[in-house]
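The values are calculated or read from the model by the stated rules, or taken from the named source; none is laboratory data. All of these numbers come straight from a predicted model, not from anything done at the bench. Heads up, the Cβs are rebuilt from the backbone with ideal geometry, glycines too, and the neighbour counts pull from every protein chain shown. When the accessible area is computed, the model is the full protein with side chains, heavy atoms only, and any ligands, DNA or RNA have been set aside. Shrake-Rupley method; radii C 1.70, N 1.55, O 1.52, S 1.80 Å.
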Amino acid sequence: MNKLEGKVALVTGGNSGIGLATAKRFVAEGAYVFITGRRQTELDAAVKEIGKNVTGVQSDVSKLTDLDRLFATIEKEQGHLDVLFANAGGGEIAPLGAITEEHFDKTFNTNVKGLLFTVQKALPLLPEGASIILNASTASRKGTPAFSVYSATKAAVRSFARNWTLDLKERKIRVNAISPGVVPTPGYNLLGLSDEQVQEFVDSQAITIPLGRVGTPDEIAKAVVFLASDDSSFVNGIELFVDGGMAQI
Ligand SMILES: NC(=O)c1ccc[n+]([C@@H]2O[C@H](COP(=O)([O-])OP(=O)(O)OC[C@H]3O[C@@H](n4cnc5c(N)ncnc54)[C@H](OP(=O)(O)O)[C@@H]3O)[C@@H](O)[C@H]2O)c1
């Protein structure tokens, strides 16, 4: 029995990394999936890779008019939304002393403002019992050199999950955060690191993780399927760490 049979899902930032892996799992579990991203070429490639039961809608989560167009498309094509994975996000390295206003605005506009308005604008389409999953990070509770602005956005995301369970209480909509640990994706190169630097980082992190290795996007996707499906029907407001134990020690 498929875990998401007949469900309609949205994965923001579904053209790469964790979002793409999750969109694939959602479709494999019987859902119809909308994916988004700013880059049209990557979006088209992802739609092709997923292969069926998927629509790509080019949109930037930090632009409210793009979000309006996204939800108008979902309403027109499917009429409602059962599962929302607010995943689009990212960060760049900037140590305190070198943080610019542009760095701050870009990170908060995507990870916090974009995520908030994605969820808020989705509300009219969500039926009773819908599931919202917010992509936070182990950075929500751990310190990382030169990554404070990103980490602060993820602490905000974690807080949203706590508060929104209360705001959505009457509608029985569940809101949970998922916090991946170290999971190499194309996003790591976007941090401004070369492949060699990414590998060095991965090796340095693996020895700090109780399981002795970093994770894969599909390992995060499987946990998102759990939070999206009825298997987690009594799980609400949590932060599910999928990190090999890294943030637990
Ligand atoms: N990988 C990890 O180790 C890790 C750990 C903890 C948390 N996370 C979180 O996981 C999420 C996905 O990251 P990833 O590692 O899978 O990186 P990724 O491969 O770079 O994917 C990021 C996705 O977000 C989209 N995106 C970025 N800014 C956007 C915007 N303004 N509007 C719409 N889409 C946007 C990107 O598409 P476009 O560029 O085309 O817009 C892309 O699809 C992020 O929220 C990240 O913070 C990742």
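Quick look at the numbers
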| item | result |
| --- | --- |
| Among the residues listed as Val198, Val182, the single one being under 26 Å from Ala247 (Cα atoms), within 12 Å of the ligand (Cβ to nearest atom), open to solvent by less than 60 Å² (accessible area, probe 1.4 Å) and assigned to a loop (DSSP other than H, G, I, E, B) | Val182 |
| Qualifying residue in segment 79-87 (condition: within 12 Å of the ligand (Cβ to nearest atom), β-branched (Val, Ile, Thr) and in contact (Cβ under 8 Å) with a residue 24 or more places away in the chain) | no |
| Unmet criterion (only one of (1) at pLDDT 95 or above; (2) within 16 Å of the ligand (Cβ to nearest atom)) for Ile99 | (2) |
| Output for segment 22-43, where each listed residue is open to solvent by 40 Å² or more (accessible area, probe 1.4 Å), of a type in the set (D, E, K, R) and away from the ligand (no atom under 11 Å from the Cβ) | Lys24, Arg25 |
| Residue ID - most open to solvent (accessible area, probe 1.4 Å), chosen from residues in segment 207-218 that are of a type outside the set (Gly, Ala, Ser) and within 11 Å of the ligand (Cβ to nearest atom) | Thr216 |
| Boolean, Leu193 is at pLDDT 95 or above and either buried (at least 16 other Cβ atoms within 10 Å of the Cβ) or outside any helix (DSSP H, G or I) (or both) | no |
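A quick yes/no check of all residues on (1) open to solvent by 10 Å² or more (accessible area, probe 1.4 Å); (2) outside any helix (DSSP H, G or I); (3) under 20 Å from Arg174 (Cβ atoms); (4) not aliphatic (A, V, I, L, M):
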site	(1), (2), (3), (4)
Leu4	no, yes, yes, no
Leu20	yes, no, no, no
Ala46	no, no, no, no
Leu67	no, no, no, no
Phe85	no, yes, yes, yes
